[in-house]
Amino acid sequence: MVDRTGRHAGRVALITGAARGQGRSHAWRLAEEGADVVAIDVCAPIPGVAYPMATPEELEETAAGVRERGGRVSAHVADVRDAEGLGKAVSAGIEELGGVDAVLANAGIGMASPHVTAAQAFRDQLDVNTVGVWNTVQAAAPVMIAQGRGGAIVVTSSSMGLTGRGGDGSGQMDGYIASKHALVGLVRAWANWLAPHSIRVNSVHPSGVATPMVLNDAVAALFTDPPDGEVPDVGNLLPVGLLEPRDVTAAVAWLCSDEARYVTGIAMPVDAGFVAR
Ligand SMILES: NC(=O)c1ccc[n+]([C@@H]2O[C@H](COP(=O)([O-])OP(=O)(O)OC[C@H]3O[C@@H](n4cnc5c(N)ncnc54)[C@H](O)[C@@H]3O)[C@@H](O)[C@H]2O)c1
């Protein structure tokens, strides 16, 4: 399993939302392929979100998994909304591991609590899912430029960053859809900004993925289980309900690799055909 000569050997990957779900999957796969990891997560509940965020123990499990795969790890608790705190975590991680070659701006929130106003739900979505990604790239990109060794940034948007299907005028849906569409524009802007430094910037757009963002009581209450043996219809073309984190990780690991060396500014669906439907 440990391959210190892999596609990402000698690189450092900085990952937000790394304590569980897709972020953890990215951390472990990149470590398997040779990377060291700066793992950042808020590790505390976010008021207004209907389900719990990750815990400090989960961040430590992610870190332990990176070490088991032969990688070094620098784990930090920080909120991507807090530019100052995040900046300190990013700087400490980069200093400890000797630079940064890949940035995975993955932290995000889904369903809002029914107890917050529509306006608050809308603001929370934009704050974490868009401003948080902006803060992440603002903290890391200047270091990548100064290093002069190129690199890759992958922003995790959503299939809901490419379509408004399911929009219902609620603060939740407006906020999630707007916050994820905004990332497409930022990726294009950053691809222009960073191309002269050989830093590539792309986004991935998953449809539903089996992580605690959707595997929780609040979301379960919205769906009825399909009859035995049938795939739940969540809007995908292919006969699959939820994707696995590793399906998104495969795209992310490729986008960060030299195999994608001339790929920048793209919005890549990993969505079983959700957006094409
Ligand atoms: N699960 C899905 O169905 C799905 C589909 C499309 C896109 N996405 C996106 O994928 C990304 C990863 O989500 P996931 O599916 O792994 O869900 P998840 O809830 O399991 O993981 C998200 C992680 O981000 C962390 N986080 C949340 N807010 C944070 C903040 N302010 N600062 C730092 N860390 C924070 C959480 O603690 C958690 O560990 C998110 O951007 C999400 O919007 C998820």
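Each reported figure results from applying straightforward, stated rules to the coordinates on display, with no laboratory input. Given the structure is predicted, the values throughout are model-derived calculations rather than measurements. In this analysis, Cβ positions are derived from the backbone assuming ideal geometry, glycine residues included, and neighbour counts consider all displayed protein chains.
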Scope region 122-136; condition within 14 Å of the ligand (Cβ to nearest atom) and more than 12 Å from the chain's Cα centre (by Cα); matching residues: Arg123, Asp124, Gln125, Leu126, Asp127, Val131, Trp134, Asn135
Members of region 182-209 found to be surrounded by 16 or more Cβ atoms within 10 Å (Cβ to Cβ) and either free of Cβ contacts under 8 Å to residues at least 12 places away in the same chain or assigned to a loop (DSSP other than H, G, I, E, B) (or both), listed by number: Ser207, Gly208
Lone unmet requirement of (1) in a helix (DSSP H, G or I); (2) away from the ligand (no atom under 13 Å from the Cβ); (3) without any contact (Cβ under 8 Å) to a residue 60 or more places away in the chain; (4) not hydrophobic (A, V, I, L, M, F, W, C) for Asp247: (2)
Filtered residues of region 3-17 (kept if over 17 Å from Ala251 (Cβ atoms) and either touching a His at 6+ places or on another chain (Cβ under 6 Å) or within 9 Å of the ligand (Cβ to nearest atom) (or both)): Thr16
Residues that are of a type in the set (D, E, K, R) and out of contact with any Lys or Arg (no Cβ under 6 Å at 6 or more places or on another chain), drawn from region 118-157: Arg123, Asp124, Arg149
Leading residue by the ranking (farthest from the ligand (Cβ to nearest atom)) among those in region 19-36 that are among the hydrophobic types (A, V, I, L, M, F, W, C) and not in a helix (DSSP H, G or I): Ala35
Single residue of Gly175, Gly132 found to be in contact (Cβ under 8 Å) with a residue 24 or more places away in the chain, buried (at least 24 other Cβ atoms within 10 Å of the Cβ) and closer than 25 Å to Ala272 by Cα: Gly175
Residues of region 37-47 that turn out to be under 17 Å from the mean Cα position of the chain (by Cα) and more than 9 Å from the ligand (Cβ to nearest atom), as a count: 3
